[in-house]
Amino acid sequence: MNTLKLLAVMVLTLTLSAFTAITDEDGYKIGDVATDFSLENIDGKMVSLSDFKDAKGFIVVFTCNTCPYAVAYEDRVEALNKKYADKGYPVIAIMPNNTDVKPGDNMEAMKARAKAKGFTFPYLMDKGQKIYPQYGATKTPHVYLLEKTKKGNVVKYIGAIDDNYKDASEVKTKYVENAVDALLKGKEIEVKETRAIGCTIKV
């Protein structure tokens, strides 16, 4: 019996270690160059950052349908796209969850949600969950602000959209907006990293 218990503990330890290795991926740091990707959009087309020839950068948001935090931020993500897409910083939303675990995040559900909310930005599926670990995303929502340079798409901000997930009207600091505004003015971003608040990405 003791041997069985020991084996059970060892299996649990290995499982947790593997889970940690997946979810606590180091990912990108400020100043790193983010590699491009090719992911399926809700319209069935494959989308890459290189498709946006006139972009100055990107607001990459890892988000989903099923997380209450992500849902709370949907209108604010849409507002970011409407405010900054024409200025060269479009929103690129990526759904990172395992849809076997969260069927409410499958492609059909993504299409329905985007239509219901009137999303004006690409809503891509990280099929095979290959992209979010590269970035180091752990939450939905989790934002990575990229600036297009000669070196590539450089990570300039990582973290939360703002400082109040509960109530948009009570927001005091708009981290992403402040960061994009700084880049547009050619200034240094004051707050480059914050802690993302949301649901853990389901593997």
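All of the numbers you see were taken from the coordinates with simple rules; none came from a lab. The model shown is predicted, which means the values in this text are computed figures rather than measured ones. Here the Cβ is made from the backbone with ideal geometry for all residues, glycine too, and neighbour counts use every protein chain on show.
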For the chain, list the cysteines whose Cβ sits under 4.7 Å from no other cysteine Cβ? Cys64
Rank Lys83, Lys156, Lys53 by mean-square fluctuation in a GNM of the chain with C-alpha springs under 10 angstrom and give only the top-ranked residue. Lys53
Taking 7 Å along the Cα-to-C-beta vector as the label spot, tell me the Lys185-Asp163 distance in nanometres, rounded to one decimal. 1.7 nm
In the structure shown, of Lys166/Lys187; Lys83/Lys187; Lys87/Lys172; Lys83/Lys117, the pairs separated by more than 21 angstrom at the C-alpha atoms are Lys166/Lys187; Lys87/Lys172
Based on the Cβ-Cβ distance from Lys29 to Lys111, what FRET efficiency comes out when R0 is 41 Å, to the nearest 0.05? 0.75
Residue-averaged [θ]222 nm for the chain, counting only DSSP H segments that reach four residues, each worth -39500 (n - 2.57): -10000 deg cm²/dmol
Of Asn178, Asn65, Asn97, the one that fluctuates the most in a GNM where the chain has Cα springs shorter than 10 Å: Asn178
Could the peptides 158-166, 134-142 be put in order, highest first, of the mean number of other beta-carbon atoms found within 10 Å of their residues? 134-142, 158-166
Given charges of +1 on the Cβ of Lys and Arg and -1 on the Cβ of Asp and Glu, with all other atoms neutral, how large is the dipole of the stretch 27-200 about its Cα centre, in debye to the nearest 20? 300 debye
Labelled set [x] 16.0, 48; [y] 18.5, 70; [z] 17.9, 67; Rg and Dmax of the Cα atoms in Å computed from this model equals the value at [z]
Can you give the % of DSSP beta bridges in the chain that are antiparallel, to the nearest 5? 70 percent
Candidates Val143, Val171, Val33, ranked by Gaussian network fluctuation over the chain, Cα under 10 Å, top entry: Val171
Sites Lys150 and Ser38 - FRET efficiency at Förster radius 25 Å, r taken between beta-carbons, to 0.05: 0.70
Listed with the fewest Cβ neighbours within 10 Å leading, Thr66, Thr173 appear as Thr173, Thr66
